[in-house]
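Let me begin by presenting the structure, written as structure tokens, before commenting on it.
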Amino acid sequence: MLPFRTILFLLLVTLSAAISSEKPNVILIYTDDHGWPDIGAAGIYDDLKTPHIDALAASGVRATNGYSSAPQCVPSRAGLLSGKSQNRFGVESNGMTLEGFDAEETIAERLKTAGYATGQIGKWHLGLNQNITDHGFDDVYSKNSNRPCFANYTLEGKTIEMQMVDDGLFHLDACSQAALTFIRRHEQDPFFLYLAYRAPHVPLDAPKKYLDRFPGIMAERRRQALAMISAMDDGVGAIVQELKKRDLTENTLIFYIGDNGAPLKIHKLDAPGGGPGWDGSLNEPMNGEKGMLSEGGIRVPFVVNWPGTIPEGQVYEHPVISLDVAATTVSIAGLPHDKKLDGVNLIPYLSGKDAGAPHETLTWRWISQSAIREGKWKLLLGGDREYLYDIIADPGEENNLLATNPEVANSLRSNLQSWTDELQPPGLSTGPMSTTWSDYFDFYLEGKNPAPLREKSTLTAQSDAKGWIVRNGKSEVTQGSLLVTPEGKNSDIPFLVQNGLNLNNSIAARVRFRSEADGNFSFAWRLDNQKDFPAGQSVSVPVSASEEWQEVSQEIPASGKVIHLRVRLPSGITRIQSISLQGAGNKKPQIWDFSK
């Protein structure tokens, strides 16, 4: 007979395993700037190749009215991970303080109290990546570009101190591999994995093996987006297979959700390079794009899968929102219900236990815009504009019914006002409509012709600036040079912009010019993993006015792939004969010669 202590130990181990098995795993896959129709299961576009995402939807639920809580990256992620409308704690938009989010309890922090292992992979965008563990994530592999990333475990499964690691892989492939490693590390524990792919968000950087899946004539930016979505689809397939291999399929709830709609920039310009602009994804037949509270900005891919619990093959039409993820996971983990969470547990609705709608009302606020949806009705406010849509009959938001249904609009506006009074700060808006958003509302909701592309409007019709765009001035190629003339306020110094570059590491810059004023040539650069030009990332060379041609040479001390360059000129009229740029990792210089 076994000793009593041995028997007790075995009983405790068995009991512990039983308790763990009762707590389902949760995998939350979050995509980036991914338009609502851009999965094959939506049945809208036939150029997609997403068999694994489609299979996930076929064996679970595709929510056709799935929403994000914001039309922009940072606030949507803050809402997702906290389970509360991000407007409640001051994370209204990108660039705002994250102090409110830092004070919130994340899904990971909540689930850790229930014995869950937690992991974050991919794009974070909610503060410093090296501090992700402060928000409840044990395992971190925060890769969102083809560069080294902060991680505290290796792809081989070894635990390490938080540090920069360089796996040399395409970032989407690395994230998928990191997810498989996480599952293997924690297959004996209940786990929560937040896998945030940076795709198809710019910079568009799919490697050849994915691009080759989409031959034929199409916009190159569309090809890039399709390739990046296909790479994510491969990851989904590998994750599902890994769960099956380890007999975890029926004990794992999977969400696949987008963070906001695709940026189209109205014109869907197929610009060379993979930098800022249209990301190649599509929102149609939804109206609008990222940065709008129209359907194109906030309705996103939304798939939920839990074999054995959620019946397969469902197309679910009741509105749901990303805020529901936290409430759902907290509930199925056996944690007490928190009335402060803004979402609801979706499982009773998706399993068929509850036939009603999860939400009577959904609400949004983003800077100058706010919106409310109740049943079939949606009221959208933008500055002093108002639109009322029957969103079931008119999901494309083409027919404004405000004039014919004023009582409906008044009721919705009152309910929206009551909700926004609870926010931080309160009110239907937190700022005025910018010119960009006014242009978007004019085009998408008013049917007005769009303004011409700004890049083209800065050049004369006779100009051939070889891709260089002038700001705070006008330009013309004449007399064998690019003539740049200041325009606007005296304080606005003209500068040139070149996007879509592919220059690696330290750059040798040479400019042959003639200037009518003393001043500086300043070079500012942006890397492929940077959304904007960081402060201090520039160098300057003083130059003197002269009627003779001069040449300025300057080393640009970049560390990484430069995709975007600004060249600030002296304040007077400047003629540029040629520009040469050569990265340390590039064999030949890139030359723009205006004398030819």
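The values are calculated or read from the model by the stated rules, or taken from the named source; none is laboratory data. These numbers were taken from a predicted model, which means no experiment stands behind them. FYI the Cβ positions are ideal-geometry reconstructions off the backbone, even for glycines, and counts take in every protein chain you see. Ligands, DNA and RNA are excluded from the accessible area calculation, which covers all protein heavy atoms including side chains. Shrake-Rupley method; radii C 1.70, N 1.55, O 1.52, S 1.80 Å.
Here's the yes/no breakdown for (1) out of contact with any Leu (no Cβ under 9 Å at 6 or more places or on another chain); (2) touching a residue at least 40 places away in the same chain (Cβ under 8 Å); (3) over 27 Å from residue 24 (Cβ atoms):
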{"site": "149", "(1), (2), (3)": "yes, no, yes"}
{"site": "153", "(1), (2), (3)": "yes, no, no"}
{"site": "167", "(1), (2), (3)": "no, no, yes"}
{"site": "170", "(1), (2), (3)": "yes, yes, yes"}
{"site": "180", "(1), (2), (3)": "no, yes, no"}
{"site": "183", "(1), (2), (3)": "no, yes, no"}
{"site": "186", "(1), (2), (3)": "no, yes, no"}
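Run residue 339 past the list (1) out of contact with any Lys or Arg (no Cβ under 7 Å at 6 or more places or on another chain); (2) surrounded by fewer than 24 Cβ atoms within 10 Å (Cβ to Cβ); (3) under 30 Å from residue 387 (Cα atoms) and report the number of the one that doesn't hold.
(3) is the only condition that residue 339 fails.
Any idea which of 168, 136, 119, 127 is open to solvent by 10 Å² or more (accessible area, probe 1.4 Å) and more than 17 Å from residue 528 (Cα to Cα)?
127
Tell me whether the range 90-105 contains one or more residues that are in contact with a strand residue (DSSP E or B) (Cβ under 7 Å, 6 or more places away or on another chain) and hydrophobic (A, V, I, L, M, F, W, C).
no
Would you point out the residue of the range 240-284, among those that are part of a loop (DSSP other than H, G, I, E, B), of a type in the set (A, V, I, L, M) and on the phi < 0 side of the Ramachandran plot, that is surrounded by the most Cβ atoms within 10 Å (Cβ to Cβ)?
The extreme case among them is 262.
Within the range 302-319, does at least one residue satisfy the condition of being in contact with a Lys or Arg (Cβ under 9 Å, 6 or more places away or on another chain), touching a residue at least 24 places away in the same chain (Cβ under 8 Å), of a type in the set (Ser, Thr, Tyr) and not in a loop (DSSP other than H, G, I, E, B)?
Taking every residue of the range 302-319 in turn, at least one turns out to be in contact with a Lys or Arg (Cβ under 9 Å, 6 or more places away or on another chain), touching a residue at least 24 places away in the same chain (Cβ under 8 Å), of a type in the set (Ser, Thr, Tyr) and not in a loop (DSSP other than H, G, I, E, B).
Are there any pairs with C-beta distances below 6 angstrom linking a residue in the range 426-450 that is small (Gly, Ala, Ser) to a residue that is surrounded by 12 or more Cβ atoms within 10 Å (Cβ to Cβ), with the two at least 6 apart or on different chains, and if so which?
Pairs that qualify, where the first residue is small (Gly, Ala, Ser) and the partner is surrounded by 12 or more Cβ atoms within 10 Å (Cβ to Cβ), are 427/420; 429/368; 431/367; 431/368.
May I ask you to verify whether residue 531 is surrounded by fewer than 17 Cβ atoms within 10 Å (Cβ to Cβ) and within 37 Å of the chain's Cα centre (by Cα)?
Judged against the criteria, residue 531 is a match.
Criterion first (surrounded by fewer than 22 Cβ atoms within 10 Å (Cβ to Cβ), closer than 27 Å to residue 192 by Cα and at pLDDT 95 or above) does residue 18 satisfy it?
no
So residue 196 ticks every box in (1) hydrophobic (A, V, I, L, M, F, W, C); (2) buried (at least 17 other Cβ atoms within 10 Å of the Cβ); (3) without any contact (Cβ under 8 Å) to a residue 40 or more places away in the chain but one. Which box is left unticked?
(3)
Given the conditions (1) in contact with a Phe, Trp or Tyr (Cβ under 9 Å, 6 or more places away or on another chain); (2) crowded, with 24+ Cβ neighbours inside 10 Å, which single one is not true for residue 318?
Status for residue 318: all satisfied but (2).
Of all residues being acidic (Asp, Glu) and more than 30 Å from residue 95 (Cα to Cα) in the range 21-73, which is farthest from the chain's Cα centre (by Cα)? Just the residue, please.
22
What do you reckon, is residue 489 farther than 20 Å from residue 580 by Cβ and at pLDDT below 85?
yes
Can you name the residue in the range 406-434 that is charged (D, E, K, R) and open to solvent by 70 Å² or more (accessible area, probe 1.4 Å) and, of all such residues, is nearest to residue 391 (Cα to Cα)?
Result: 407.
When only residues in the range 388-405 that are at negative phi and touching a residue at least 40 places away in the same chain (Cβ under 8 Å) count, which is surrounded by the most Cβ atoms within 10 Å (Cβ to Cβ)?
So, considering only residues that are at negative phi and touching a residue at least 40 places away in the same chain (Cβ under 8 Å), the one surrounded by the most Cβ atoms within 10 Å (Cβ to Cβ) is 391.
Given the residues 382, 334, which is the only one that is at pLDDT 95 or above, of a type in the set (Gly, Ala, Ser), over 20 Å from residue 61 (Cβ atoms) and touching a Ser or Thr at 6+ places or on another chain (Cβ under 7 Å)?
On inspection, the qualifying residue turns out to be 382.
Identify the residue in the range 568-584 that is among the small types (Gly, Ala, Ser) and either part of a loop (DSSP other than H, G, I, E, B) or without any contact (Cβ under 8 Å) to a residue 60 or more places away in the chain (or both) and, among all such residues, is surrounded by the most Cβ atoms within 10 Å (Cβ to Cβ).
Filtering the range 568-584 for residues that are among the small types (Gly, Ala, Ser) and either part of a loop (DSSP other than H, G, I, E, B) or without any contact (Cβ under 8 Å) to a residue 60 or more places away in the chain (or both), the one surrounded by the most Cβ atoms within 10 Å (Cβ to Cβ) comes out as 571.
Residue by residue through the range 203-218, note down the ones that are in a loop (DSSP other than H, G, I, E, B), open to solvent by less than 30 Å² (accessible area, probe 1.4 Å) and not acidic (Asp, Glu).
Across the range 203-218, the qualifying residues are 203, 204, 206, 214.
Pairs please, first residue from the range 219-234 and farther than 24 Å from residue 195 by Cβ and in a helix (DSSP H, G or I), second anywhere and at pLDDT below 95 and open to solvent by 10 Å² or more (accessible area, probe 1.4 Å), Cβ atoms under 6 Å, 6+ apart in sequence or on different chains.
220/270; 221/270
With (1) surrounded by fewer than 18 Cβ atoms within 10 Å (Cβ to Cβ); (2) in contact (Cβ under 8 Å) with a residue 60 or more places away in the chain; (3) under 23 Å from residue 84 (Cα atoms) as the list, and residue 385 as the residue in question, which single condition is left unmet?
With respect to (1) surrounded by fewer than 18 Cβ atoms within 10 Å (Cβ to Cβ); (2) in contact (Cβ under 8 Å) with a residue 60 or more places away in the chain; (3) under 23 Å from residue 84 (Cα atoms), residue 385 is out only on (3).
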